[in-house]
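Here's the structure, in structure tokens; my notes come after.
The values are calculated or read from the model by the stated rules, or taken from the named source; none is laboratory data. Every value quoted in this text rests on a predicted model; they were computed, and no experiment measured them. Here Cβ is always computed from backbone atoms with ideal geometry, including for glycine, and neighbour counts include all displayed protein chains. Accessible surface areas use protein heavy atoms only, side chains included; no ligands, DNA or RNA. Shrake-Rupley method; radii C 1.70, N 1.55, O 1.52, S 1.80 Å.
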Amino acid sequence: MREIKFRGRSGKAYSFIRMAPTAPWAREAGVALFAAQGPFGWRVVRLTTLRGRLHDVQPIWAWADAERYGARTVFIMRETDPSDRASALADLEAGLNPVLEQPQADLALAA
């Protein structure tokens, strides 16, 4: 596992840990960032909420979507507070301009 920082629109740096795609990362509470390695660094494909539920399939579906657009790497930021998680996700999405946008329905279910 390796730590890497991504900055949101506000300029705040968020620490993410690189995870193996086959690891049980979807059980964590926080934010998942799916990316592809490019010639100039990481290309963010998608961000999604991780609610810390044992059998939550939404992060797995988000990973499947991101893979279709070239993502091969999973990064997670651990955050247990739902409001901090939602604000970090919004800041990161605004600053990183991912290929796939977070559906608004997922944001409403972040609690």
Residue-normalised accessible area of segment 1-103, given per residue in Å² at a 1.4 Å probe: 55
Residue-by-residue Karplus 3J(HN,Hα) for segment 89-95, coefficients 6.51, -1.76, 1.60, Hz, glycine and proline x: 4, 5, 5, 5, 4, 5, x
Summed residue charge, Cβ within 12 Å of G70's Cβ, Lys/Arg positive, Asp/Glu negative: +2
Matching label, Kirkwood radius over Cα pairs in Å computed from the structure shown, candidates (1) 13.6; (2) 14.8; (3) 20.4: (1)
The chain - percent of accessible surface contributed by carbon and sulfur, probe 1.4 Å: 53
